[in-house]
Amino acid sequence: MRANPIPLQNLSALCTILITAVQRVNQSLCHSLICFLQFQGAFCCLVLACGWIWAGCMRLKEVRRLQAQKLQSMSHKLAARHGASASIAIATGALKQASQAHDTKACLPGLTVVLPIQGLKAHSLLNWQSQLGMHYAGPLEYLFVTQSASDPALPVLSELISSDYEAARTQIIISGPYSFCSQKIHNLQRGILKASKASKYVLCLDDDVQLHPGFLEMAVGHMQADSAAFMLTGYPFDIADPGAGVLTYAALAYHLPLLIAFSVSHSTSFVWGGCMLFPLESMVHDSFGIMQAWREGGYSDDLIVAAKCAQHELKILCPSGAIFPQRLEARYSWEQYWNYLRRQLYVMDTYASCSNKRFNLALMLIHCYLSWAVVFPITSVVLRLSLWVAELLLLPSQEIWDGPGTSWDWLRIFGAQGCYVGMLSGILFWIAITTAVLALYWMTGVVLLLFRELFSLDESNSGGDSFNWVKLWLGFYLGNTVLPCCMLYTYLSPWVEWGGIWYYKRKGRVQRLLPHSL
């Protein structure tokens, strides 16, 4: 039995209803509030673009410095290989300078590297190899600190140390559980207090980043050269595994705006807890109250350190070479991503003083506002484009039923009639966000080039071929859409799970929850 065809009059009425609805929604996007949000979003995107360009320029200077250094080294070797008299003189001078530099490096002060570990992750072995394989022309020791002897990371780490690295300069410390601060902070404190008295500096590292071979000498060299510096920090650059999903890219995108603060100058006011180089004596004697603030309900090691540095006007170095690949697993479930985002935001409601509380609250509000300041205009512009497509698809039916001429009123079709400010704001926003995309693309290329120089990698091994830019921007949009909701939930919820341990916050400090209290 054949279905009866839809009467032409009904089809015409349906098309008219759809066209009217599309045009009304299109006109509603011309509201002054929408225009304001688009102008504001364009400003935010341009600021973001300028930040990424500035960050890229600073990293590019480091690339050129390393390239010039390698070129000079190669020219000295070539000059020494050839027997020309002038070249011999140059080579002799170069060898003398190299000898003096070697003597300086040989006098580098003692250094203790403290690495809190917990569990075995996908890239743990690769990261440990890079950390244990760093060059340092001075006394060096590694202290791996874990909560329990049953940690699954210990057999793999012990085998790596015994087979490939000097067992004498490494030590594994069992810290045990602690109830009045985060387990990571407890592990850091145990490692710092166990550091060799011969060490002048202590470097606190996360075990989920990869370090280049010359990082230790570079970091200590910067500290030695600047007597006014209290500490040195760096920042990770996330690289997603091939085939990573949108949620992985959402986690990756979270760090991209924050990278700017660690890139625009040789010194900074911010600290990243994955890389903190301190004078050991200042930490052992707790000269600035960092250890006490950590011990008394501390959750975020880096925010506490940054607050203490601001309080005592301490200088924080952040050289351009202190950037580290942090490889993310290809698959993130929604639960994993939500927990990751909650842990990142949970720190904003922990504090060690009233001024620290106010500063963190201000950061929290600004972060939320800026997230939606970009999300709302993106949504409105994409919606307008979708409406244009819908109206173009309805054009043939409109032309057939309403007669020729009425369909080609382009100002009406594209919602521009009486909406010139709205069209201008939308165009400016698209220009701004395109500029931000290009700026991020360029900065990413510079960072990957820096990695190739620091790690002596070829282009295929730098990780750039695994970037999916469509997923990255979808992740950027998704992450910023969810972030204010997650921030509100995290602010109202007093507990969070980190590394299988539940923590409860009260008045800015955390306490570990035992299983029976959950």
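The values are calculated or read from the model by the stated rules, or taken from the named source; none is laboratory data. Small disclaimer: the values here were computed from a predicted structure and weren't measured. Reconstructed Cβ throughout: ideal geometry from the backbone, glycine too, with neighbour counts over all protein chains shown. To get the accessible areas, we keep the full protein, side chains included, count just its heavy atoms, and leave off ligands, DNA and RNA. Shrake-Rupley method; radii C 1.70, N 1.55, O 1.52, S 1.80 Å.
Here are some residues: PHE376, PHE429. Which one is open to solvent by 70 Å² or more (accessible area, probe 1.4 Å), farther than 29 Å from ALA322 by Cα and modelled with pLDDT of 90 or more?
PHE376
So, in the range 176-201, exactly how many residues are among the aliphatic types (A, V, I, L, M), closer than 26 Å to TYR503 by Cα and open to solvent by less than 40 Å² (accessible area, probe 1.4 Å)? Show your work before the answer.
Initial filter on the range 176-201 (among the aliphatic types (A, V, I, L, M)): 185, 188, 192-193, 195, 198.
Filter again for closer than 26 Å to TYR503 by Cα, leaving 185, 188, 192-193.
Checking which are open to solvent by less than 40 Å² (accessible area, probe 1.4 Å) leaves us with 185, 188, 192.
Residues in the range 176-201 being among the aliphatic types (A, V, I, L, M), closer than 26 Å to TYR503 by Cα and open to solvent by less than 40 Å² (accessible area, probe 1.4 Å): 3 in total.
MET231: within 22 Å of ALA310 (Cα to Cα) and either in contact (Cβ under 8 Å) with a residue 60 or more places away in the chain or open to solvent by 10 Å² or more (accessible area, probe 1.4 Å) (or both), yes or no?
Details: within 22 Å of ALA310 (Cα to Cα): yes; either in contact (Cβ under 8 Å) with a residue 60 or more places away in the chain or open to solvent by 10 Å² or more (accessible area, probe 1.4 Å) (or both): yes.
It is true that MET231 is within 22 Å of ALA310 (Cα to Cα) and either in contact (Cβ under 8 Å) with a residue 60 or more places away in the chain or open to solvent by 10 Å² or more (accessible area, probe 1.4 Å) (or both).
Pairs, please: C-beta under 6 Å, at least 6 apart or cross-chain, first residue within 19 Å of SER148 (Cα to Cα) and modelled with pLDDT under 80 and in the range 99-128, second small (Gly, Ala, Ser) and part of a helix (DSSP H, G or I)?
Partner pairs satisfying both residue conditions: none exist.
Would you please list the contacts, defined by Cβ atoms under 6 Å and residues six or more apart or on different chains, that run from a residue in the range 10-36 that is farther than 19 Å from PHE429 by Cα to a residue that is at pLDDT below 80 and acidic (Asp, Glu)?
Correct list of pairs: VAL22/GLU391.
Which condition breaks for PRO155 when tested against (1) open to solvent by less than 50 Å² (accessible area, probe 1.4 Å); (2) part of a helix (DSSP H, G or I); (3) farther than 25 Å from GLY298 by Cβ; (4) not polar (S, T, N, Q)?
(1)
Which residue is nearest to ASP238 (Cα to Cα), if the candidates are limited to the range 173-222 and must be in contact with a His (Cβ under 8 Å, 6 or more places away or on another chain) and of a type in the set (S, T, N, Q)?
Within the range 173-222, the match that is nearest to ASP238 (Cα to Cα) is GLN210.
Out of the range 327-360, which residues are closer than 19 Å to LEU492 by Cα, in contact with an Asp or Glu (Cβ under 9 Å, 6 or more places away or on another chain) and open to solvent by 70 Å² or more (accessible area, probe 1.4 Å)?
LYS357
Among the residues of the range 158-175, how many are open to solvent by 20 Å² or more (accessible area, probe 1.4 Å) and closer than 30 Å to TYR346 by Cα?
Qualifying residue count for the region: 2.
Residues in the range 178-215 that are part of a loop (DSSP other than H, G, I, E, B), among the aliphatic types (A, V, I, L, M) and within 14 Å of GLU281 (Cα to Cα): how many? Walk me through how you get there before you give the answer.
So in the range 178-215, the residues part of a loop (DSSP other than H, G, I, E, B) come out as 178-182, 195-198, 206-214.
Filter once more, keeping what is among the aliphatic types (A, V, I, L, M): 195, 198, 209, 211.
Imposing the further condition that a residue be within 14 Å of GLU281 (Cα to Cα) reduces the set to 195, 198.
Residues in the range 178-215 being part of a loop (DSSP other than H, G, I, E, B), among the aliphatic types (A, V, I, L, M) and within 14 Å of GLU281 (Cα to Cα): 2 in total.
Do any residues in the range 331-342 that are in contact (Cβ under 8 Å) with a residue 24 or more places away in the chain and under 15 Å from GLY500 (Cα atoms) have Cβ atoms under 9 Å from those of residues that are open to solvent by 40 Å² or more (accessible area, probe 1.4 Å) and not in a helix (DSSP H, G or I), where the two are at least six apart or on different chains, and which pairs are they?
Short answer, once both residue conditions are applied: GLN336/GLU329; ASN339/GLU497; ASN339/TRP498; TYR340/TYR332; ARG342/GLU497.
So for the range 123-133 (the condition being open to solvent by less than 20 Å² (accessible area, probe 1.4 Å) and either of a type in the set (Val, Ile, Thr) or in a loop (DSSP other than H, G, I, E, B) (or both)), does at least one residue qualify?
No, the range 123-133 contains no residue that is open to solvent by less than 20 Å² (accessible area, probe 1.4 Å) and either of a type in the set (Val, Ile, Thr) or in a loop (DSSP other than H, G, I, E, B) (or both).
Identify all residues within the range 226-235 that are over 20 Å from the mean Cα position of the chain (by Cα) and polar (S, T, N, Q); write none if there are none.
Passing the criteria: only SER227.
Wholly within the range 236-351, which helices (runs of 4 or more DSSP H) include no fewer than the required count, namely at least 3 residues that are within 17 Å of the chain's Cα centre (by Cα)? Break it down stepwise before answering.
Numbers: elements: 246-259, 280-284, 290-295, 301-312, 334-346.
Fully inside the range 236-351 and qualifying: 246-259, 301-312, 334-346.
Filter the range 208-227 down to the residues that are open to solvent by 10 Å² or more (accessible area, probe 1.4 Å) and under 13 Å from PRO116 (Cα atoms) and list them by number.
Correct list: ASP208 only.
Across the range 262-285, what is the number of residues that are out of contact with any helix residue (DSSP H, G or I) (no Cβ under 6 Å at 6 or more places or on another chain) and farther than 13 Å from ALA322 by Cα?
Total satisfying the criteria: 8.
Scan the range 31-76 for residues that are touching a Phe, Trp or Tyr at 6+ places or on another chain (Cβ under 9 Å), open to solvent by 30 Å² or more (accessible area, probe 1.4 Å) and farther than 21 Å from THR481 by Cβ and jot them down.
Correct list: ILE53 only.
Only residues in the range 152-174 that are farther than 14 Å from LEU126 by Cα count as the first member; pair them with residues that are charged (D, E, K, R) and modelled with pLDDT of 90 or more, Cβ under 8 angstrom, at least 6 apart or cross-chain, and list the lot.
If the second residue must be charged (D, E, K, R) and modelled with pLDDT of 90 or more, the pairs left are ARG169/GLU141; THR170/GLU141; GLN171/GLU141; GLN171/LYS194; ILE173/ARG190; ILE173/LYS194.
Between a residue in the range 252-270 that is under 22 Å from GLN311 (Cα atoms) and without any contact (Cβ under 8 Å) to a residue 60 or more places away in the chain and any residue that is surrounded by fewer than 19 Cβ atoms within 10 Å (Cβ to Cβ) and of a type in the set (Lys, Arg), which pairs come within a Cβ distance under 8 Å, given they are 6 or more apart or on different chains?
Listed by first residue and then by second, the contacts come to SER267/LYS315.
If you scan the range 162-180, which residues turn out to be of a type outside the set (A, V, I, L, M) and modelled with pLDDT of 85 or more? Can you show your working first?
Going through the range 162-180, the residues of a type outside the set (A, V, I, L, M) turn out to be 162-166, 169-171, 175-180.
Correct list: SER162, ARG169, THR170, GLN171, SER175, GLY176, PRO177, TYR178, SER179, PHE180.
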